[in-house]
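Asks: Mind having a look at this structure? Questions to follow.
The values are calculated or read from the model by the stated rules, or taken from the named source; none is laboratory data. Keep in mind that this is a model prediction, so the values were computed, not measured. A quick note on method: Cβ atoms are made from the backbone with ideal geometry, for glycine too, and the neighbour counts reach across all protein chains shown.
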Amino acid sequence: MDDYKVVSTPLCPNTKLSPECTTEAIPSTLYRSTIGSLLYLNASRTVIMYLVGLVARFQSNSEASHLEAAKRILRYVKGTISYGLYYIFSPSMSIAAFSDVDWGGYLPDRKSISSCCYVLGSNVVSWLCKKQDTVSLSTSEAEYIANSQAGS
């Protein structure tokens, strides 16, 4: 990967990954080791959390398009190696939670994707990105579920 070009986004906006096999299958050990490296990077890279979870869903039936998406995430990380989390002392120790939802964002089963971050003072201390357990029938229902996940 040393000679690969860096990219400015971790995944192309029009890329749709699906479990249906449309390209050739690849060795599962290669794909799983790539996903393992990306999961290790999740601890310090909030930007790639959703995408790593997305490509990790295809470990049992991986194919070439899934591996290309995982490699693109690695190329993005290579270009943003100097980015990181910085914690600044703040006399205000108030805690806040922010949540958002992508209604019907996971196309194969139309479940919504909830994301949330927790801020202590002016520092992000925790975050999550999770596919909701149920299918929401409206955006307000999806937001309600996301807010309840953030509060728990």
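Asks: Given the conditions (1) without any contact (Cβ under 8 Å) to a residue 40 or more places away in the chain; (2) surrounded by 12 or more Cβ atoms within 10 Å (Cβ to Cβ), which single one is not true for Arg75?
Replies: Result: Arg75 fails condition (1) only.
Asks: So which residues in region 117-152 are of a type in the set (S, T, N, Q), out of contact with any Lys or Arg (no Cβ under 8 Å at 6 or more places or on another chain) and closer than 30 Å to Ser92 by Cα, if there are any at all?
Replies: Answer for region 117-152, where residues must be of a type in the set (S, T, N, Q), out of contact with any Lys or Arg (no Cβ under 8 Å at 6 or more places or on another chain) and closer than 30 Å to Ser92 by Cα: Ser122, Asn123, Ser126, Asn147, Ser148, Ser152.
Every residue, every condition in (1) assigned to a loop (DSSP other than H, G, I, E, B); (2) exposed (fewer than 13 other Cβ atoms within 10 Å of the Cβ); (3) not assigned by TED's automatic domain parsing to the domain that holds Pro19, yes or no:
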{"position": "Phe89", "(1), (2), (3)": "yes, yes, yes"}
{"position": "Ser99", "(1), (2), (3)": "no, no, yes"}
{"position": "Trp103", "(1), (2), (3)": "no, no, yes"}
{"position": "Ile113", "(1), (2), (3)": "no, no, yes"}
{"position": "Val125", "(1), (2), (3)": "no, yes, yes"}
{"position": "Cys129", "(1), (2), (3)": "no, no, yes"}
{"position": "Asp133", "(1), (2), (3)": "yes, yes, yes"}
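Asks: Shifting gears a bit: Given the options Trp103, Trp127, name the one that is more than 26 Å from Tyr40 (Cβ to Cβ), in contact with a strand residue (DSSP E or B) (Cβ under 6 Å, 6 or more places away or on another chain) and of a type in the set (Phe, Trp, Tyr). So that I can check it myself, show each step before the final result.
Replies: Numbers: Trp127 fails: more than 26 Å from Tyr40 (Cβ to Cβ).
Of Trp103, Trp127, the one residue that is more than 26 Å from Tyr40 (Cβ to Cβ), in contact with a strand residue (DSSP E or B) (Cβ under 6 Å, 6 or more places away or on another chain) and of a type in the set (Phe, Trp, Tyr) is Trp103.
Asks: Oh, and also: Here is a list of conditions, (1) β-branched (Val, Ile, Thr); (2) surrounded by 14 or more Cβ atoms within 10 Å (Cβ to Cβ); (3) touching a residue at least 24 places away in the same chain (Cβ under 8 Å), and Val52 meets all of them except one; can you say which number that is?
Replies: The failed condition is (3).
Asks: Give the residue that is modelled with the lowest pLDDT, with candidates limited to residues of region 8-41 that are under 17 Å from the mean Cα position of the chain (by Cα) and of a type in the set (A, V, I, L, M, F, W, C).
Replies: Across region 8-41, the extreme among qualifying residues is Leu17.
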